[in-house]
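The values are calculated or read from the model by the stated rules, or taken from the named source; none is laboratory data. Values in this document were obtained by computation on a predicted structure and should not be read as measured data. For neighbour counting, all protein chains shown are included, and Cβ atoms are generated from backbone atoms with ideal geometry for every residue, glycine included.
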Amino acid sequence: MIVPCYNRAQIISETLDSVWSQTYRPIELIMVDDGSTDDVPEVIKRWAANKRKQGDNSFTTKIIHQKNSGPSSARNTGLLVCKGEYIQFLDSDDILHEEKFEIQTDAIKNHHKDFCVCNYKRFEEYTNDKNTIVDFYSQSHSIDDFPLVYPMDTPAPLYKRHVVLSAGLWRTYIRAAEDFEYNFRILSTGAKGIWLDCVLLYVRKHNSKERIQSSPLRARYRFMYHGLAEMELEAMERGICTRKLLNNLGFRALMYYEAMRAENDTYLGKVFLRYAKSRLSKWRIVLFIFKQRVWKLFWRRFYPKGPRVFFHKIIGRHEDNRKQMW
């Protein structure tokens, strides 16, 4: 278990408590303080000392301090010293379900897989808030579709150690959406995963300025561009760069293009558009932009639940009418 932390003194204990509460043992918890300027060093030191007093020899802790270098560097620091059979990366503001490790390790063993991914729920104050569930289970898990759907996240997967070692260290120069590129590398090694249709993770929603990932918006999208390029290069080097994969990289670039357009960043928007044009036909680009600017806006205005729910209701009514006729 590797937890990078930057300026989370007020909430880091809640995250660490969710690790302590795991029904699975043994656990090796590595906390990497990424140059925090608040009371994080004292908070995690006090937390670790209190847990050691409880005498659970199957739960060990290690605290590492480093200069502020970003989340990828902090994860690498923890990765280089960890010894566990399984590896979990956890952000310092998120919370684990108490059975996450136990359920995921059982799934990996029973299905002979290399990693396991769960769904997660967003929350603000309490984990039982009625908030959005992010469903990775129902998405495509094909590596060709990965750039478009991205069916995982930083803390959702639990990996077997050899998978992480095969993928290598996190790329420290990518300071935004770094997990996107890293998890693509995991899949590109040929690692096989299992996705579970259950929520075992709670991801906090907040607007805190004290984020471990605090790059300005434009800089973040520049990093995302590098992430796309790295994924394409990785696919080419491993001989898995299919036409469908290139198309989906193009669609992802179009999503970034639309985001930059909304921010009135013409220059960077054109960079993403140029990337997409070299990977997608004109009619695909036109259709995608039509969906983003017209189709989605139409449904948001007149039926916010979306066309899928609307047509399911229509079909359901039609089926009910047929049953009544019979």
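Things worth noting here:
- Selection status of residue 227, in contact with a Phe, Trp or Tyr (Cβ under 6 Å, 6 or more places away or on another chain), farther than 30 Å from residue 168 by Cβ and either in a helix (DSSP H, G or I) or modelled with pLDDT under 95 (or both): no
- Of the residues examined, residue 285 is not one that is more than 30 Å from residue 11 (Cα to Cα), in a loop (DSSP other than H, G, I, E, B) and either without any contact (Cβ under 8 Å) to a residue 40 or more places away in the chain or not aromatic (Phe, Trp, Tyr) (or both).
- Inspection of segment 17-34 identifies no residue that is small (Gly, Ala, Ser) and in contact with a Pro (Cβ under 6 Å, 6 or more places away or on another chain).
- Residue in segment 164-183 that is farthest from the chain's Cα centre (by Cα), counting only those that are among the aromatic types (Phe, Trp, Tyr) and outside any loop (DSSP other than H, G, I, E, B): 182
- Test: residue in segment 108-124 that is within 19 Å of the chain's Cα centre (by Cα), crowded, with 19+ Cβ neighbours inside 10 Å and over 21 Å from residue 194 (Cβ atoms): yes
- Number of residues in segment 44-63 that are touching a Ser or Thr at 6+ places or on another chain (Cβ under 6 Å) and either β-branched (Val, Ile, Thr) or farther than 24 Å from residue 85 by Cβ (or both): the value is 1.
- Residue within segment 45-63 that is under 14 Å from residue 8 (Cα atoms), surrounded by 13 or more Cβ atoms within 10 Å (Cβ to Cβ) and either within 26 Å of the chain's Cα centre (by Cα) or small (Gly, Ala, Ser) (or both) present: no
- Pair list, Cβ < 8 Å and 6+ apart or interchain, from segment 253-264 residues that are under 18 Å from residue 231 (Cα atoms) and of a type outside the set (Lys, Arg) to residues that are at pLDDT 95 or above and not in a helix (DSSP H, G or I): 253/279; 254/280
Residue-wise test of (1) surrounded by fewer than 16 Cβ atoms within 10 Å (Cβ to Cβ); (2) farther than 30 Å from residue 105 by Cβ.
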position: 195; (1), (2): no, no
position: 237; (1), (2): yes, yes
position: 242; (1), (2): yes, yes
position: 250; (1), (2): no, yes
position: 263; (1), (2): yes, yes
